[in-house]
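The numbers here are math on the coordinates, done by the rules we state, and not lab data. Quick caveat: nothing in here was measured; it's all calculated off a predicted structure. A quick note on method: Cβ atoms are made from the backbone with ideal geometry, for glycine too, and the neighbour counts reach across all protein chains shown.
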């Protein structure tokens, strides 16, 4: 590596340690006992009377107190062995790092190069000699033998198409299920109660289901063979709705260490993938630091770096320069590439009358290139070659929506949908080439035009996973676009979008800092979870119910800990009621100690428990409102009233009970 | 008044002054030239090349620099004259303020009584003598004469039913239209483009349309005849979607002056109505301060104060005590009362198996009362009397949903819908009694169950306006419930909900402070506006478009000022690019100065402008994707390329142009 190191510019400060009252646990799939699939278990208070709650965990080893984190060394790379075991790959020297990879940064401003160097892997062009690479996870020898008739299988799509279940597939099946194995009956009920608009979410996820979804092109596991640090995850509408967080320095501001810290911070709060959108100097080094420390898939937009390599002038871009950039990033281990191959010359003039023209950076770079040379986009004309290259590393396509609308006024216009139709055409080419594909979507779309986007994407792109930015449902709230877009994200997630790209409060205004990243991630976790609930996802409501029970029973700490952001919940509570005693108090600041609606509900339960079935039926025959009370029933009521009074009907706070409660928890 | 004054506990600090780059203007309706209907005009920068944008303005005189604000004196009361002019009312001594009205607060903790005292008005039981009250705004003498056959008309509903247009109706018609008069063609297009689910939003709003909507019960103008400070507004699904902000001290925390300040703060950012949910001491005095300083309708839940009057014990509540509280608050000028008359004894046991029982405070108070006495709710049995009382002051009903779900698990259950059916029955009674009515709705509802709520409410309640709290679309994010609920609020607003009750980040955790109030209001302005856009509201998109043009043209200050919260937008921008010069810079921090997608779009426009129609058609015949490029077209392309290069194709920032831009703006 010819990047000068500057030790002072990289610190190793990232946030580690468990979330409040949480424990990292690892599940072991029956079909691959060597795998350790992470979960976070939220530990409830002693008095909860229900089991701890396992939740999906994106945070990687950073929240495992038994792992020593050293950002300078990077994470362990267990997945490299899985890849090598199944064969069909070779380790090779790799491309030399060139000064332009880091924007020709001078020694004074160069970021410290990452310490370790790993020789990259790539797929072989011809089958390996017999005897090698016989360790394909879950594959029968016969199935593998079938593979030997073709070039070696490399991508998850290729394995899936040939009926082979990889370790990655086993891993994500285990990861998606969470508490579902023990709750199959409930899972069926949840599915029946939801509205999934034609999705096919199963009650329980098997590795075979994962394989089948990938083989159909309906899901992807973005997993570059060079990203050994990866904890595999799956993106598809029959799985949990995922979210992506964008980070990345820009020509104007931000540094390498800030970006690594943001990545760790984003996954701590639930980002399923992270896109590094860095521009400017140190772009290669920044990405290396991020990848070597990232347990989640990393996506990039290679055209950004390619543009840096020709001094920011889109006119100077060439296929050769772009291809070299793809190789550079594929060798590093980038898991998915945004490729704006749908921005065709013939569509560009369709954007001329828009209120906000072309707002995608990638889209406008390609538009500029096409116009200046008056040629079809080289991404479109070289698409076959791009597929061949990405297949060798199993880099997934994220087909970019370079013509997405940048304002409510431009939503769902001809330019946008023309591009989407081309993305559908390219999806089929990429599949034929053995690649995994997802499709990027808008943008700025008013609520009543969101479902049209989802339906058209499913139709045009053969159900390949959709991955949208929001969409923002209004343009009038700069500073709050996490919210304008969170609304649209929840809706499109419900309609079938597989991954939601977050928007932070700084959208349109500046680069997100650490707080903005957290706000964006939590907002999108809300959107994704609301979508899962509405679809009837079998395990989603378990967490809502656990939290609601905690809320109802005044288990304040459990309420905080079961939430997406325990720290903020507790801080807000402390602002009004800072005393520790209040954490077990049977009231909240809205009603105060004298009167509490939740206390009264307990009285209702005691009352209902005292009613016989006939009495209930007489009181209110379910299904018939507006019944008048007859004399006979009133007699029964008088008896009930006496019974209820016997049980005690005070709503005052009982100081003795609070003391007992204190004791029980201390 | 027998409340001791304590001058030190009340300060007069509220936020006054215009919003950034905004000017208060007043429109004068042709049919009532004495009315001054407020608007806020957002002043665009000189280079904008488009007119300033008028927007709806809830902020009252506080943002008019020509008005001297003295919170101790209260606002002017012009509306009192309108009421007196149309007659049918009498001024009378009013009820004495009793110590229990303020929770028997001692001298040490008593808030300062409000300085001025206004004798209340109430409706007369018999027609006024001929010659009096002939000044009904817009009414023909004949129409008014018809009124003389009945008891005098007092409520907006009564006037509307008898074909009489009040000044309040003229006022709100003017207020709702904004820029629509000049944009009728555009208004029609917007309506055609939207999806309003059966709403009947007109292109232009006339006073007669307002009257008709009120007469049908589809809209209300909450306007107590004793709230002379009011700037009338309308709630109904064929008008702009409104939002409510809750304020109010509690037994645990907060003070009178904080609540007045929160009210002024909430309307500054766009709250259309404010509910005072105070409990504990000084409850009467707090409300008086709020009402005398409020230009927006004030709502309350009278049962809260009634409960304070019997030491917080629901069992001790009586109809007489409740009725006395209604009179107390009606005389003060409260514009709408939440009345939980749908919590019937026979429904209570339906909540026993819920995860979170009864979470409405009003609902649980009444449930407790019903159970303890084993009697039907006195709100239900005395509903006729409540109507007669509220009619005399034109206090609008907000029929409370005391059995609303408090968790995702309890959404849309039998208890909730049984109550809603009863609210429908009560709506018809209230209408027959001449009252204005809206209906409160949930609560916690997953996305796929929201529309069912809206549809059932319209059906059961004869299209009376719906007024929902959120709904929250998931329970798992305490600390972020403005967002979990903003998603549901936007959706139900789109489906037809007329007013959205905000939820702040402190929901479930503590009392909202000033910052929380602002966050809640802005979030709900987003939800309401997103709903208006999706419905196809004729004027809604004007603001989105103006902001998007500003964004596209790098008019940073215009972008900030056109947003819902210019202060935050500018502060966020300053964090990354603090220099003044950047406010006119033709780039943003996401892309930096070297490359900018918006610049490229300008190139596209220049290019498209250079294309002939035939050339465009040859490039991309609209409606047909995937066309291949023929040789002939390629020749044309080469020509275009040359033409484009002539026009200059640089994407670099032109330092000279920035300087010119600086000059132009300074």
**Prompt:** Separation of segment A:54-82 and segment B:79-113 by C-alpha centroid, Å?
**Reply:** 66 Å
**Asked** Quick one: label points 7 angstrom along Cα→Cβ at residue A:320, distances to the other copies in nm, smallest first?
**Response** 10.0
**Exposure proxy order (Cβ contacts within 10 Å, fewest to most) of A:59, A:485** = A:59, A:485
**Request:** Run through every distinct alpha carbon pair of segment B:187-248 and return the Kirkwood hydrodynamic radius in angstroms, one decimal place.
**Result:** 13.5 Å
**Complete:** Between the modelled labels at residue B:353 and residue A:385 (7 Å from Cα along Cα→Cβ) the distance in nm is 6.7 nm
**Asked** If the label for residue A:574 sits 7 angstrom from Cα along the Cα-to-Cβ line, what are its distances to the same label in every other copy, in nm to one decimal, shortest first?
**Response** 2.9
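Can you sort B:264, B:437 from fewest to most other Cβ atoms within 10 Å of each residue's own Cβ? Before the final figure, lay out each step's value.
Details: B:264 24, B:437 27.
Fewest-to-most ranking of B:264, B:437: B:264, B:437.
For segment A:496-572, what is the per residue volume of the convex hull drawn over the alpha-carbon atoms, in cubic angstrom? Working shown, then result.
Values: hull volume 8.0 nm³, N = 77.
Here the figure is 104 Å³ per residue.
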**Asked** What FRET efficiency do you get for residue B:567 and residue A:414 if R0 is 51 Å and r is their Cβ-Cβ distance, rounded to the nearest 0.05?
**Response** 0.85
**Message:** Taking only the Cα atoms of segment B:400-453, how large is their convex hull per residue, in Å³?
**Reply:** 71 Å³
**Prompt:** Roughly how many whole Å is it from the C-alpha centroid of segment B:182-209 to that of segment A:287-321?
**Reply:** 48 Å
**Message:** Bin width 10 Å, origin at 0, all Cα-Cα pairs of segment A:327-480: what percent of pairs per bin?
**Reply:** 11, 41, 34, 13, 1
**Request:** Distances from residue B:381 to the same position in the other copies: list them in nm, one decimal, shortest first, using label points 7 Å from Cα along Cα→Cβ.
**Result:** 8.8
**Request:** With a ≥ b ≥ c taken as the square roots of the eigenvalues of the C-alpha gyration tensor of segment A:205-360, please select rounded if a/c is under 1.5 and otherwise prolate if a/b is larger than b/c or oblate if it is not?
**Result:** oblate
**Asked** What does the average come to when, for each residue of peptide B:406-416, you count the partner chain Cβ atoms lying within 10 Å of its Cβ?
**Response** 3
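How much length would be gained if the chain were fully extended between residue A:615 and residue A:25, taking 0.36 nm per residue of separation minus their Cα-Cα distance, in nm to one decimal? Working shown, then result.
Numbers: separation 590, 0.36 × 590 = 212.40 nm, distance 4.86 nm.
Gain in length upon complete extension: 207.5 nm.
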**Asked** In whole Å, what is the distance between the alpha-carbon centres of segment A:437-488 and segment B:441-480?
**Response** 23 Å
**Request:** Using DSSP, restrict attention to beta bridges with both residues in segment B:165-306 and report what percent are antiparallel, rounded to the nearest 5.
**Result:** 25 percent
**Request:** Arrange the following residues from fewest to most other Cβ atoms within 10 Å of their Cβ: A:467, A:322.
**Result:** A:322, A:467
